[in-house]
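> Let me give you the structure first, and then I'll get to my questions.
The values are calculated or read from the model by the stated rules, or taken from the named source; none is laboratory data. Being a predicted model, the structure only gives us computed values, none of them experimental. So basically every Cβ, Gly included, is an ideal-geometry build from the backbone, and we count neighbours across all protein chains shown.
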Amino acid sequence: MRAKTGAERYFDARRKDPDYRAAYDEARERVRRTDELVRSLDACREARGLTKAELARQAGLPPEAVRRLFTMRSPNPTAGTLVALAGALGLDVVAVPKERAPRTSTGARGVTKPKKRVAAR
């Protein structure tokens, strides 16, 4: 097993801080969901038999931008790019509610605390 780098040791130590860990996990999940969306658009493109360049033309986007988007390890597209690609594939990008934990508010030092519920009278 290889020795950890200084950066790896630093981030391992930072992730022990609950506030840092929560922010890290949130950012990681956002990246995962973005990647999943891009991969699903690419799968639809392939299923329709389109090349990346053909999809780019239909979406009104530069072919090199679409090629990079579908080949990058962690893409970070704009909402406009995703909507254009989806539209060219005959798809809609729609926000759908997901089940969530009770609403929270941020207290001192960014610590998330449950909101107090007030009984209606």
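> Would you point out the residue of the range 45-84, among those that are touching a residue at least 40 places away in the same chain (Cβ under 8 Å) and more than 22 Å from GLU29 (Cβ to Cβ), that is surrounded by the fewest Cβ atoms within 10 Å (Cβ to Cβ)?
Step by step, filter the range 45-84, then rank; the result is ARG48.
> Can I ask one more? Could you grab me the full set of residues in the range 72-81 that are assigned to a helix (DSSP H, G or I) and under 15 Å from ARG32 (Cα atoms)?
Residues satisfying the conditions do not exist here.
> Here's a follow-up. Within the set of pairs 6+ apart or on separate chains, which have a first residue in the range 15-28 that is free of Cβ contacts under 8 Å to residues at least 24 places away in the same chain and outside any helix (DSSP H, G or I), a second that is basic (Lys, Arg) and surrounded by 13 or more Cβ atoms within 10 Å (Cβ to Cβ), and C-beta atoms under 6 Å apart?
Every condition considered, no pair remains.
> I'm told GLY49 meets every condition in (1) within 27 Å of VAL96 (Cβ to Cβ); (2) outside any helix (DSSP H, G or I); (3) at pLDDT 95 or above except one. Can you identify the failing condition by its number?
Failing condition for GLY49: (1).
> I need the full set of residues from the range 78-109 which are at pLDDT below 95 and touching a helix residue (DSSP H, G or I) at 6+ places or on another chain (Cβ under 7 Å), in order please.
ASP92, VAL93, ARG109
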